[in-house]
Amino acid sequence: MGKAEKALAKMRQNPTSVRYEDVVRVCDEYFGEPRQSGTSHRVYATPWGGDPRVNIQNKNGEAKPYQVKQVLEAVRKIEAMKAEEAESDEKDSEEGEQ
């Protein structure tokens, strides 16, 4: 299990006390480089418009709990999209074999 996966597991267990560095690690893994950083916020692009948004900020070394929850929801959504895509690819390959 990589560092991002370990951080994600910790976030799921306790979203109210998460190190900012761990949230950044998870976001970088799932969403790539932020489209905005260097200010008080790191904003990540998602393959959908609207919520859940991925926008995090450092508050004394920790991430804000409501933002951790938004990140968790976005990760769930992206994992569901990937699973749906894999299922669709599997169906396509089965149809191609027939």
Task: Most mobile listed residue (GLU29, GLU84, GLU73) in the chain, GNM with C-alpha springs under 10 Å - done: GLU84
Open item on the list: If I compute solvent accessible area with a 1.4 Å probe over the protein chains, what percent of it on region 1-93 is carbon and sulfur?
Closed with: 44
Task: Contour minus Cα-Cα distance for ASP28 and ARG53 (0.36 nm per residue) - done: 7.6 nm
Open item on the list: From the helices alone, meaning DSSP H stretches of at least four residues, give me the mean residue ellipticity at 222 nm for the chain, per-run term -39500 (n - 2.57), in deg cm²/dmol to the nearest 500.
Closed with: -19500 deg cm²/dmol
Open item on the list: Using Cα-Cα distances under 8 Å and only pairs 6 or more residues apart, what relative contact order does the chain have, in percent?
Closed with: 24
Open item on the list: Run the numbers for SER17 and LYS77: contour at 0.36 nm per residue of separation, minus the present Cα-Cα distance, in nm.
Closed with: 19.4 nm
Task: Amide proton proximity set for VAL18, modelled H, under 5 Å, gap of 5+ - done: ALA63
Open item on the list: Using Cα springs under 10 Å in a Gaussian network model of the chain, which residue among SER17, SER37, SER88 shows the largest mean-square fluctuation?
Closed with: SER88
Open item on the list: Taking 2.2 N^0.38 Å as the expected size of a compact globular protein, what ratio does the Cα radius of gyration of region 15-75 give against it, to two decimals?
Closed with: 0.99
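The values are calculated or read from the model by the stated rules, or taken from the named source; none is laboratory data. No experiment lies behind these values; they were computed from the predicted model shown. These area figures cover heavy atoms from the full protein model, side chains too; ligands, DNA and RNA do not enter into them. Shrake-Rupley method; radii C 1.70, N 1.55, O 1.52, S 1.80 Å.
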